Amino acid sequence: MELTLVKGRPGTTEGRLTKEIRTYDLLDSLGIAYERVDHEEADTMEACAAIDKVLAPAVICKNLFLCNTQKTKFYLLMIREDKKFLTKDISKQINSARLSFAPAEYMEQFLDITPGSVSVLGLMNDKENKVTLLVDEDVLAAEYFGCHPCINTSSLKLKVADVFGTFLKAVGHGYTVVKL
């Protein structure tokens, strides 16, 4: 299957999940331009390699859904795909007990996302601000980044400034910059 980058939302909603369409609806209503590539399910960084080439020069992120030991605080960590997640480094920066991967049921409950589809765009579903966004400083230094529209059968290329300005403001979320 040849991967093709196209501007904007799909021409039809047929075969698309409601949460994906809601993502396009919100981006469009906010005037955020994006390019999209549709593909087979991509739930690992390895599966994303060909997609990454189509989205270039967008920074591709690892999106990690984390929690503290007590499962009372939840975090979405965005780091460049070429960086390693070291829990002690992040925990220290945010003054938290050691972080670990959060159970999938919390990801679905707070972000309406399943494992393999985690994305900053899922914060639109976190109406009660249960999830804190942590962003590696190198992600913010890029002009574009790639992410899923709440489902891992499409990927979007978005301007960093649009997401970390317009989008996050519209969904009532801030973010904390971390260094890895």
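The values are calculated or read from the model by the stated rules, or taken from the named source; none is laboratory data. Since the model is a prediction, treat every value here as computed from it, not as a measurement. Here the Cβ positions follow ideal geometry from the backbone for every residue, glycine too, while neighbour counts run over all protein chains shown.
Per the listing 158, 134, the residue uniquely touching a Ser or Thr at 6+ places or on another chain (Cβ under 8 Å), surrounded by 21 or more Cβ atoms within 10 Å (Cβ to Cβ), modelled with pLDDT of 95 or more and of a type outside the set (S, T, N, Q) is 134.
Could you say whether any residue in segment 61-69 is within 19 Å of residue 170 (Cα to Cα), surrounded by 13 or more Cβ atoms within 10 Å (Cβ to Cβ), within 17 Å of the chain's Cα centre (by Cα) and among the basic types (Lys, Arg)?
Residues of segment 61-69 within 19 Å of residue 170 (Cα to Cα): none.
Within segment 61-69, none of the residues are within 19 Å of residue 170 (Cα to Cα), surrounded by 13 or more Cβ atoms within 10 Å (Cβ to Cβ), within 17 Å of the chain's Cα centre (by Cα) and among the basic types (Lys, Arg).
Taking segment 114-147 as the range and being in contact (Cβ under 8 Å) with a residue 60 or more places away in the chain and over 21 Å from residue 178 (Cβ atoms) as the test, the residues that pass are 115, 116, 117, 124, 125.
Only one of the numbered conditions (1) in contact (Cβ under 8 Å) with a residue 40 or more places away in the chain; (2) buried (at least 18 other Cβ atoms within 10 Å of the Cβ) is not met by residue 172, and that is (2). Scanning segment 129-173 for residues that are under 17 Å from residue 55 (Cβ atoms) and among the charged types (D, E, K, R) gives 138, 143, 157, 159, 162.
Filter segment 119-146 down to the residues that are more than 11 Å from residue 76 (Cα to Cα), in a loop (DSSP other than H, G, I, E, B) and polar (S, T, N, Q) and list them by number. Correct list: 129 only. On inspection, residue 87 qualifies as surrounded by fewer than 18 Cβ atoms within 10 Å (Cβ to Cβ), out of contact with any Gly (no Cβ under 9 Å at 6 or more places or on another chain), farther than 19 Å from residue 18 by Cβ and of a type in the set (Ser, Thr, Tyr).
When segment 143-155 is filtered for residues that are surrounded by 15 or more Cβ atoms within 10 Å (Cβ to Cβ) and either among the charged types (D, E, K, R) or out of contact with any Phe, Trp or Tyr (no Cβ under 7 Å at 6 or more places or on another chain) (or both), the ones remaining, listed by number, are 144, 145, 146, 147, 148, 150, 151, 152, 153, 154, 155.
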